[in-house]
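Notes follow the structure.
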Amino acid sequence: MDVDRRRLTRGVRAGRWGAWLGWGAAVALPLGFLAVFFAWPVVSLVLQGFFTETAAGRTLDLSGFAEVLSQERTWRIVGQTLAQALAGTVLSVLLGLPGAYVLYRCRFPGRTLVRGLVTVPFVLPSVVVGVAFRALFAPGGLLGWAHLEESFAGIVLALVFFNYAVVVRTVGSMWERLDPRAEQAARALGATPWRAFRTVTLPALGPAIASAAAVVFLFCATAFGVVLVLGGLRYGTIETEIWTRTTQFLDLRSAAVLSVLQLVVVAGALLVSSRARARRERALQLTGDRASAHRLRLRAGGDLWPALATAVVVAGLLVLPMAGLVSRSLRAPDGSWGLDNYVALGTTGGRNALTVTVWEALGNSLRTAAWAAVIAVVVGGLVALVVSRRPRRAGLRRAVGVLDAAFMLPLGVSAVTVGFGFLITLDRPLGLDVDLRTSGALVPIAQAVVAIPLVVRTMLPVLRAIDPRLREAAATLGAAPGRVLRTVDGPLGARSLGLAIGFAFAVSLGEFGATSFLARPDTATLPVVIYRLIGRPGAENYGMALAASVVLAVLTATVMMVAERLRGDRPGGEF
Amino acid sequence: MEQVRETAGLAVRDAVVRYGATRRRPGSVAVDGVSLDVAAGEIVALLGPSGCGKSSLLRAVAGLEPLAGGTVAFDGEDLAGVPVHRRGFGLLFQDGQLFPHRDVGRNVAYGLETQGLSRAERSARVAALLDDVGLAGYQGRSVATLSGGEKQRVALARALAPRPRLLLLDEPLSALDRRLRERLAVDVRDTLKATGTTAVFVTHDHDEAFTVADRVAVMDAGRLLQVDAPDVLLRAPAGPRVAEFLGLAPEADGLARAERTTAG
């Protein structure tokens, strides 16, 4: 009895140590990763704006700020960034609301297909979208008559193309679960359909709309690839300006100052977004789980206008650029139809524009994206696991909240800032004598940093939805914490893991902002190669860029479709 | 030897459970100094209105809530610091909490998988348990296809499978309709008695408590009011609050009826 009890006590103590060690490692690994590969580079970069290196050492010097902030060009860029983001957000929300209604509140044949179609642009690489719209607006393109090339309107349209899905999915998944009886009650009290919508449904959707708008604003304000390709010399964002000043003018100091400006804009958007999300989580508790979709009523009901608006957006804004891209890619440089551009993907382009062939670049892309996905899913999965817990102690609960917020930061800090920060810090990481910049390891790591917030946001709702009593039931059946993790959280979270891997892989495949800084010519990825090709003269190179864009688009869309399949119908995820 | 017999079974002494306590605030008290003994092989019902702390007491016994004061011991051994999975207690939730990703057979087998049984022994035990709860041959069924009553039967079989030294049942029948509840209450008692399981059964329904339990502990506002066999309880309730809760208080009943007539 005594021996037994001693063994039990010792086992208990070992178990508690094990638990502390396990959770400690689960927190330390992601935090360490974030510190070395995100916080350190970004902070070093920001400090470049505040300090100058002199013979005496570092001195505080704000003249960089004074200089950059007094330039007329800076304010033009800031104004353009805000104006583009604002216009893109407003238009995305206005067009996205009817889309959310039609795709989540109505039933019609082919709905799943349209929902998938709407999601594709969101995961398309930004460079591909830029190339697609450029092909559309170019003289001789399908919309060549509208003179949208290098215009404000052109950029905004491309931003809406990207972010329409964010609004449709975020608002739609909320609308789907909204109890229709509240609106029916309003109708029974004599409200017209419009009044019932305005006074009952819209307020209920408010937090979801605000949350979606904040995210869209963030994506628009930090848009890089699209604007770089479409904006030409006249239009840009802070993001493209950082890139230009670093790579074209080699002016690191003013680029650092601009990064600080960018952080201010992003922090504001993130603040609004987190406020809205908290409200949405509260609001969600009020809604029922009942399936509330009704058959699409084109003749009698009020579904005609939303359905029409959605059809126009899907056909005109989403399908047209993609179809235009595909058809242009099938035109050989001499104007005849054929697969010449695709055949040329085995070459390094006209006048040797590239160091590698496009197919080799595709291989590079797949390799780095696979590594990035592994890193992102391991780090992001650990974060999601830790954040999904509700510790009993208030202090620990707050710590978990801070961890959650910390891993949302990479979503807001521009990829260009991350890539640029890598360049200036990781030549001797932590004083070690290994230059990571030449090892090729930085590209997947940077892509992982960008993908981690998406992984966390994909897995977290699913892990949070696991009833804690299920874990308690397992524990009372004799399962130790490790076995609970393996037999309860593991299988139930596995489906979100599939989506998270797909998401991370697709995002990494298309990542351009950070990669463009870090990839060397011989390890260039597909988006980098595409951008280089459209920058070189010659119809041959342009044709190759179009064909390569189609290849990249098909690849990412396929990855996403497979990942969506893995998820099934269950709601979850934010994007 | 003498001492062991005295302390065989569950012994709860002055247990206190608080919620939302921090260093500065004491939080709210859910269980306020409860002492309760359950002898080996005995079934005790914890009876009380919702929010009286009976589920909190049960969770504290299981090790799912920390005790703010007092002790929980089993067979004379203090369980402070012993984690849930080493206590050897089973717990049955109101809504079963079956694992959605496992079929009926693998749900029941969950607690057996770490006990070093051979596959044949395990499936024999699963079959026997399913037979005991009246669901013979259900091994391959998906838990999503079960009715509410069937789910609770599977949950009972799953909880009994590892032969817990104490089974805790947290309102296991409350989510079911009345007729099914009455029938299942008898089944639960028969199964517990047949397996010789020591059990604490939480409920807010006095009929259910009287059907299932050897002794009934009436609880209100975090305290135990009376612990007695059903017939003693009915004959001599320890106070008006107990009598009222057992549906015996004539004045309270009369008052309610008078109110109803004036309202009507």
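The values are calculated or read from the model by the stated rules, or taken from the named source; none is laboratory data. What you see is a predicted model; the values in this text were computed from it and never measured. Please note: Cβ atoms are built from the backbone with ideal geometry, for glycine as well, and neighbour counts cover all protein chains shown.
Things to note:
- Whichever residue in segment A:471-493 is of a type in the set (Gly, Ala, Ser) and in a helix (DSSP H, G or I) and, among such residues, is surrounded by the most Cβ atoms within 10 Å (Cβ to Cβ): A:Ala473
- Just so you know, in segment A:141-164 the residues that are under 16 Å from A:Val313 (Cβ atoms) and either among the charged types (D, E, K, R) or in contact with a Pro (Cβ under 6 Å, 6 or more places away or on another chain) (or both) include one that is surrounded by the most Cβ atoms within 10 Å (Cβ to Cβ), and it is A:Phe161.
- Within segment A:1-52, tally of residues that are over 24 Å from A:Gly381 (Cβ atoms) and either at pLDDT 75 or above or away from chain B (no Cβ under 12 Å) (or both): 11
- One residue alone among A:Val343, A:Val379, A:Val356, A:Val416 is of a type in the set (A, V, I, L, M) and modelled with pLDDT of 85 or more, and that residue is A:Val379.
- In the set B:Arg241, B:Arg183, B:Arg158, B:Arg260, only one residue is assigned to a helix (DSSP H, G or I) and modelled with pLDDT under 85; that residue is B:Arg260.
- Inside segment B:133-149, residues that are more than 14 Å from every other protein chain (Cβ to nearest Cβ), touching a Lys or Arg at 6+ places or on another chain (Cβ under 9 Å) and assigned to a helix (DSSP H, G or I) make up a count of 1.
- Residue identified as of a type outside the set (Gly, Ala, Ser) and in contact with a Phe, Trp or Tyr (Cβ under 8 Å, 6 or more places away or on another chain) among B:Leu135, B:Leu130: B:Leu130
- Residues within segment A:370-397 that are within 14 Å of another protein chain (Cβ to nearest Cβ) and either under 24 Å from A:Arg469 (Cβ atoms) or in contact (Cβ under 8 Å) with a residue 12 or more places away in the chain (or both), tallied: 7
- For B:Phe210, the conditions (1) crowded, with 22+ Cβ neighbours inside 10 Å; (2) part of a helix (DSSP H, G or I); (3) of a type in the set (Phe, Trp, Tyr) are fulfilled apart from (1).
- Segment B:72-104: number of residues that are under 25 Å from B:Thr203 (Cβ atoms), more than 8 Å from chain A (Cβ to nearest Cβ) and part of a strand (DSSP E or B): 4
- Against the criterion of being within 17 Å of A:Gly350 (Cβ to Cβ), away from chain B (no Cβ under 14 Å) and among the aliphatic types (A, V, I, L, M), A:Ala547 qualifies.
- Within this structure, A:Pro468 passes the test of being surrounded by fewer than 24 Cβ atoms within 10 Å (Cβ to Cβ), within 11 Å of chain B (Cβ to nearest Cβ) and either in contact with a helix residue (DSSP H, G or I) (Cβ under 7 Å, 6 or more places away or on another chain) or more than 24 Å from A:Ala406 (Cα to Cα) (or both).
- Residue selected from segment B:105-116 under the condition part of a helix (DSSP H, G or I) and in contact (Cβ under 8 Å) with a residue 40 or more places away in the chain, by the criterion farthest from B:Ala155 (Cα to Cα): B:Leu112
- Check on A:Glu564, modelled with pLDDT under 85 and either more than 17 Å from the chain's Cα centre (by Cα) or not in a helix (DSSP H, G or I) (or both): no
- The sole residue among B:Gly90, B:Gly111, B:Gly116, B:Gly105 that is over 24 Å from the mean Cα position of the chain (by Cα) and closer than 23 Å to A:Leu485 by Cα is B:Gly116.
- So A:Thr525, is it within 12 Å of chain B (Cβ to nearest Cβ), β-branched (Val, Ile, Thr) and buried (at least 24 other Cβ atoms within 10 Å of the Cβ): no
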